[in-house]
Amino acid sequence: MKQLLFFLIGWAGFQILGLIVSLFVASVVRASNPGASGDELNQILNGVGPNFAVTGITYLVLGLVLFILILTSHRLKDLGNSFTHWRTLGFAVLGFVVIFVFQLVYSYLADFIFKQAGIKPSSNNNELTLNAMTLYNPALSLLVFGILGPFCEEMTYRVGLFGLLSRLGKALAYIIGALVFGFIHFGFDILFSGDVEAIIVELVNIPNYVVAGLILSFIYDKAGFGASYSVHALNNIFSLILTLIGSEQ
């Protein structure tokens, strides 16, 4: 029951909180720009700043809700202990290296696919948005995407979804858990855009997230929350650093 709550609060809660925060940010923008037209307001709301505010506030509130749920379920000690076990560091390093190597190799395969399709190699919508927000505010991006994001996602998709599905069978937990984790990073709105190239980019990038989901599930299964969270956080922080380095070249 508790695992189901972690999943539902993390998954559905993120959607609901995101909508509420979006409405709040929109009202603030409208109040701050009383003379702006509808098109001008939409342009502002679609900018990096408002989107970053929505994402950051949503993750912060969701993180607090999940932490309160941890306290009420008396799991804080167990989760805390998962960071102190000797296996945590070893599995964290192993998971980070495996994800890095896979993504490096797959990036060459993805570039080949894009070139064969006559498409300029590109990141998917999730990565492009993350990169834009990172450059907009590097320090807060580290907090939101490097610390809060991995915490919320690991509580939702490993402690919640993987833990719940494991009761029905580990194979099922690995497969469904990885697919769900992969497709939460998929830009479904692109499917209705009519932009074939953008759709191909989204589809080609999906295996990156699915395989990452498999690896994180394996790390969680073998070494616990501390290890899977560490891998997730390290991977995100490393990506943020690469984005910042790339912007200066």
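Around Asn125, under 10 Å between beta carbons, what's the net of Lys plus Arg minus Asp minus Glu among the other residues?
Neighbourhood net charge equals -3.
Before anything else, pin down the relative contact order of segment 1-103: Cα pairs under 8 Å, at least 6 apart, normalised by residue count, whole percent.
So the answer I get is 32 percent.
Helix hunt in the chain: which complete DSSP H runs extend at least 24 Å axially by C-alpha with mean Kyte-Doolittle at least -0.5?
Long hydrophobic helices here: 2-32, 48-72, 86-116, 196-223, 225-247.
Can you check what the net charge comes to around Asn235, using other residues whose Cβ is under 13 Å from the Cβ of Asn235 (Lys, Arg +1; Asp, Glu -1)?
-3
Can you classify segment 108-249 as rounded, prolate or oblate using the Cα gyration tensor, where a ≥ b ≥ c are the square roots of its eigenvalues, rounded means a/c under 1.5, and otherwise it's prolate if a/b beats b/c and oblate if not?
Taking the square roots of the gyration eigenvalues as a ≥ b ≥ c, segment 108-249 is oblate.
What aspartates and glutamates sit close enough to Lys170 to cross-link, taking a C-alpha to C-alpha distance under 19 Å and skipping anything fewer than 8 places away on the same chain?
Excluding near neighbours in sequence, the set is Glu154, Asp221.
In whole percent, and with a 1.4 Å probe on the protein chains, what portion of the accessible area of the chain is carbon and sulfur?
Here it works out to 70 percent.
Mean separation of Cα pairs under 8 Å and 6+ residues apart, divided by the residue count of the chain: what relative contact order is that in percent?
Averaging sequence separation for qualifying contacts and normalising by length gives 31 percent for the chain.
Once every DSSP H run of n ≥ 4 in the chain is given -39500 (n - 2.57) and the sum is divided by its residues, what mean residue ellipticity at 222 nm do you get, rounded to the nearest 500 deg cm²/dmol?
-26000 deg cm²/dmol
Compute the distance in nm between two label points, each set 7 Å from the Cα along the Cα-to-Cβ direction, one at Leu45 and one at Val93.
So the two model labels end up 4.9 nm from each other.
Could you give the length gained on full extension between Phe24 and Leu4, defined as 0.36 nm per residue of separation minus the Cα-Cα distance, in nm?
4.3 nm
Given +1 on the Cβ of Lys and Arg, -1 on the Cβ of Asp and Glu, and no further charges, what dipole in debye does segment 52-192 carry about its Cα centre, rounded to the nearest 20?
In total the dipole reaches around 360 debye.
Going 7 Å from the Cα of Asn33 toward and past its Cβ, which residues in segment 41-72 have a backbone nitrogen under 13 Å from where you end up?
41-51
At 7 Å along Cα-to-Cβ for each site, give me the label-to-label distance between Leu179 and Thr129 in nm.
The two pseudo-label positions are separated by 2.3 nm.
The values are calculated or read from the model by the stated rules, or taken from the named source; none is laboratory data. Remember, it's a predicted structure, so these values are computed and weren't measured experimentally. Note that each Cβ is placed from the backbone with ideal geometry, even for glycine, and that neighbours are counted across all protein chains shown. In case anyone asks, the SASA skips ligands and DNA or RNA and just uses the protein heavy atoms, side chains included. Shrake-Rupley method; radii C 1.70, N 1.55, O 1.52, S 1.80 Å.
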